[in-house]
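The values are calculated or read from the model by the stated rules, or taken from the named source; none is laboratory data. This one's a predicted model, so the numbers in the text were calculated from it and none came from an experiment. Here the Cβ positions follow ideal geometry from the backbone for every residue, glycine too, while neighbour counts run over all protein chains shown. The area values use the complete protein model at the heavy-atom level, side chains included, leaving out ligands, DNA and RNA. Shrake-Rupley method; radii C 1.70, N 1.55, O 1.52, S 1.80 Å.
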Amino acid sequence: MDSEYFSMTQKITFYSLEENDFDEIVSAFKMIGWNKPRSIYEDYFKEQSDNIRSIIVSKENGKFCGYTTIKWKSNYNSFAKQNIPEISDLNVLPNYRKNGIGTALINACEAMAKERGYTSIGLGVGMTADYGNAQRLYVSLGYVPDGHGLHYKNIPLNYGNQTIVDDDLVIYLIRSI
């Protein structure tokens with residue numbers, strides 16, 4: 001999975017996660033105050049080697065700017081039952097947002113899924129304002145709610161439930177590809 005995207009001022013490259021990416025990724029997130037330990041990428045790399053997950057890394061002019069993953073068998077029960085892969089953990093560093101990188105990463109995921117014979121792809125998105133840009137992006141790309149409502153840690157919420165509002169409170173979206 002190597003591809004390039006060019007604009008007048010930047011050269012964006014996309015490729016599969018490599019072991020020598022771990023430290024640069026961890027450092028980039030640490031610089032913005034996000035705790036994304038090396039163990040995450042070590043686990044992702046193993047899952048990539050085992051064909052459980054694919055990881056797409058993006059760089060602008062050779063400098064890390066974001067990544068996303070595709071879980072080929074989702075942990076979300078509805079997607080798993082329907083054999084729908086899940087885009088997961090899309091991250092574009094704040095200084096690189098609004099430049100089409102997130103869209104390009106999602107397009108790459110969709111192309112990979114289509115290549116493997118899938119006809120739909122899904123994702124979960126957080127429900128706090130921190131996820132507002134992502135929510136708008138996904139809708140603009142044609143993703144719609146899957147109709148199963150809010151979930152907390154992959155468990156559906158029902159009337160009267162009380163929950164914690166954090167990164168694990170999500171709504172799942174789906175798109176035909």
>> Out of everything in the stretch 23-68 that is among the hydroxyl-bearing types (Ser, Thr, Tyr) and within 19 Å of Ala104 (Cβ to Cβ), what residue ends up being surrounded by the fewest Cβ atoms within 10 Å (Cβ to Cβ)?
In response: Ser54
> Just one of Ala113, Ala134 is free of Cβ contacts under 8 Å to residues at least 60 places away in the same chain, under 30 Å from Glu19 (Cβ atoms) and in a helix (DSSP H, G or I); which is it?
Replying inline: Ala134
> Considering the stretch 132-152 alone, what residues qualify as being within 17 Å of Tyr76 (Cβ to Cβ) and modelled with pLDDT under 95?
Replying inline: Ala134
>> Given the criterion in contact (Cβ under 8 Å) with a residue 24 or more places away in the chain, open to solvent by 60 Å² or more (accessible area, probe 1.4 Å) and either hydrophobic (A, V, I, L, M, F, W, C) or not in a helix (DSSP H, G or I) (or both), identify the matching residue among Asn91, Asn75.
In response: Asn75
> Going by the conditions given, is Tyr172 open to solvent by less than 40 Å² (accessible area, probe 1.4 Å), of a type in the set (Phe, Trp, Tyr), part of a strand (DSSP E or B) and touching a strand residue (DSSP E or B) at 6+ places or on another chain (Cβ under 9 Å)?
Replying inline: yes
> Which pairs do you get when a residue that is touching a residue at least 40 places away in the same chain (Cβ under 8 Å) and open to solvent by 70 Å² or more (accessible area, probe 1.4 Å), found in the stretch 146-159, comes within reach of a residue that is assigned to a strand (DSSP E or B) and aromatic (Phe, Trp, Tyr), reach meaning Cβ atoms under 7 angstrom, with the pair 6+ apart or on two chains?
Replying inline: His148/Tyr172
> When residues of the stretch 102-144 are filtered for being among the hydrophobic types (A, V, I, L, M, F, W, C), over 14 Å from Ile87 (Cβ atoms) and either within 15 Å of the chain's Cα centre (by Cα) or surrounded by 15 or more Cβ atoms within 10 Å (Cβ to Cβ) (or both), how many remain?
Replying inline: 2
